[in-house]
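First comes the structure, then the notes that go with it.
The values are calculated or read from the model by the stated rules, or taken from the named source; none is laboratory data. Computed from a predicted model, the values in this text were never measured in an experiment. Note: ideal-geometry Cβ built from the backbone for every residue, glycine included; neighbour counts use all protein chains shown. In case anyone asks, the SASA skips ligands and DNA or RNA and just uses the protein heavy atoms, side chains included. Shrake-Rupley method; radii C 1.70, N 1.55, O 1.52, S 1.80 Å.
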Amino acid sequence: MRMVEIIAKKRDGGELSEAEIRFFVEGYTKGEIPDYQASALMMAIFLRGMNEKETVALTMAMADSGDHLDLSSIDGVKVDKHSTGGVGDKTSLILTPMVAACGVKVAKMSGRGLGHTGGTIDKLEVFPGFKVDIPTDLFFRNVKENGISIMGQTKDLAPADKKLYALRDVTATVDNLSLIASSIMSKKLASGADAIVLDVKTGSGAFMKTEEDSEALANEMVSIGKGAGRKMAAVVSNMDQPLGLAVGNALEVKEAIETLKGEGPEDITELCYKLGSKMLVLGEKASNEKEAREMLEDAIRSGRALEKLAQFIASQGGDTAAIYDTSKLITASIIREIEAPVSGYISSIACSEIGMCSLILGGGRVTKESDIDLSVGLVLKKKVGDYVNKGEALAVIYANDEAKCREATLRFLSSYSIGDEEVTHQTLIKKEIG
Ligand code: URA
């Protein structure tokens, strides 16, 4: 088989066979196929698309390019959750202890943030001493004994995707449905869960900007997972504005703790109940979503969900003091209100721009190796549909550098549109699959 012929076939709109796709993935992972040929194939796929059969073949080949985590020694149905990434998305931090408190075993590998989106692993490092790179025997022991462990993705998990994603990032080939679906599902399948709940974001802060594209992505991933024998469910949720109010690592941890105490913003609370209900049903802990929701509400009300977070953080070496007193969380030196320049209704927020503000403040990663400032970010005071008076706070900014604070404030102000017309509040959950 010759790589140039595979590229030409896709360039001309042909269907790649499973053997051709495996040849490419295996050769690229081993370093036998150079980046320039892989780039050409990615662009050909981006422009010509792939059908479902090809997408499944690419997913399975990437999943098989490294280790498969074998979770079979852990009793019960293991349920994973994945979000396609967004701004202010701290759901994993809330959801995993919530469902673990209801008996679902959480054995999760999570990633770090890149660009304008945040990552669970960075947020967990807000707890001093917390270790993400734990040995797999400790990971398994924690899941068996406490029902929950989260570790950083190992380099041996779907290495083909790791290489290809980095390549797509710099060759303008990220936002293609088949490539995103195969990238996410290859990692999820290799992570070994029996059931997977997907939160596919849609809107200005998401990879998929339209509801149609997001729904198609959700359907494709559900279909790939089912084809691989996994139980699947998905929601398409709004990312036209940040989720919750806090954006930035320590600020999001604070909001997650408040949500676990039953005092969080309504949208993030609702999303966690919705995703959590699906996880409990797929995990066979509840027979329907209504019953699951009642169990989750009880886990919050009784304090069991918060206790589960504390147990999990302590089991990986983290200091839990901030869970009981959030004033102990790391905080920035400059805390300042951003005032509304005019009175009116918030008609829209350029969501990814809010993520960019956090990046400017030092809270996000420009490259995978960047160090991040965990204390900086923003807490929104107004969201789409709210009325604001001139001079009233739109948000509070947390910074450690005056120049960055000024730059982020200007960028923040240009991301908010304020008008005279009354605007309805946005719907959070756009679609449910399964
Ligand atoms: N997240 C991934 O893991 N892969 C993509 O292609 C896009 C988002």
* Asked: Under the condition of being of a type in the set (S, T, N, Q) and assigned to a helix (DSSP H, G or I), which residue from segment 224-274 is surrounded by the most Cβ atoms within 10 Å (Cβ to Cβ)?
  -> ASN249
* To do: Would you please list the contacts, defined by Cβ atoms under 7 Å and residues six or more apart or on different chains, that run from a residue in segment 143-172 that is within 16 Å of ALA101 (Cβ to Cβ) and of a type in the set (Asp, Glu) to a residue that is away from the ligand (no atom under 12 Å from the Cβ) and open to solvent by less than 50 Å² (accessible area, probe 1.4 Å)?
  => none
* **Unique match (being at pLDDT below 95 and not assigned by TED's automatic domain parsing to the domain that holds VAL170) among GLY344, GLY363, GLY385** => GLY363
* Structure fact -> Per the filter on segment 139-154, residues out of contact with any Phe, Trp or Tyr (no Cβ under 9 Å at 6 or more places or on another chain), within 15 Å of GLY317 (Cα to Cα) and not in a helix (DSSP H, G or I) are GLY152
* Subset of segment 155-169 that is open to solvent by less than 50 Å² (accessible area, probe 1.4 Å) and under 21 Å from GLY225 (Cβ atoms) - its residue that is nearest to the ligand (Cβ to nearest atom) -> ASP161
* Do we have any residue at all in segment 126-147 that's within 19 Å of the chain's Cα centre (by Cα), open to solvent by less than 20 Å² (accessible area, probe 1.4 Å) and over 20 Å from GLY248 (Cβ atoms)? -> no
* **Unique residue being closer than 26 Å to GLY227 by Cα, basic (Lys, Arg) and open to solvent by less than 30 Å² (accessible area, probe 1.4 Å) when the list is LYS81, LYS90** => LYS81
* If we scan segment 103-125, do we find a residue that is more than 16 Å from the ligand (Cβ to nearest atom), open to solvent by less than 10 Å² (accessible area, probe 1.4 Å), more than 23 Å from SER73 (Cα to Cα) and in contact (Cβ under 8 Å) with a residue 60 or more places away in the chain? -> yes
* To do: Look at LEU296 and say whether it is within 16 Å of the chain's Cα centre (by Cα) and open to solvent by less than 10 Å² (accessible area, probe 1.4 Å).
  => no
* Structure fact -> Across segment 318-347, the tally of residues that are over 25 Å from GLU125 (Cβ atoms) and open to solvent by 40 Å² or more (accessible area, probe 1.4 Å) stands at 8
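Each row is one residue, and each column tells you yes or no for (1) within 12 Å of the ligand (Cβ to nearest atom); (2) not in a loop (DSSP other than H, G, I, E, B).
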| residue | (1), (2) |
| --- | --- |
| THR171 | no, no |
| ILE180 | yes, yes |
| LEU189 | no, yes |
| GLY192 | no, no |
| ILE196 | no, yes |
| PHE207 | yes, no |
| GLU212 | no, yes |
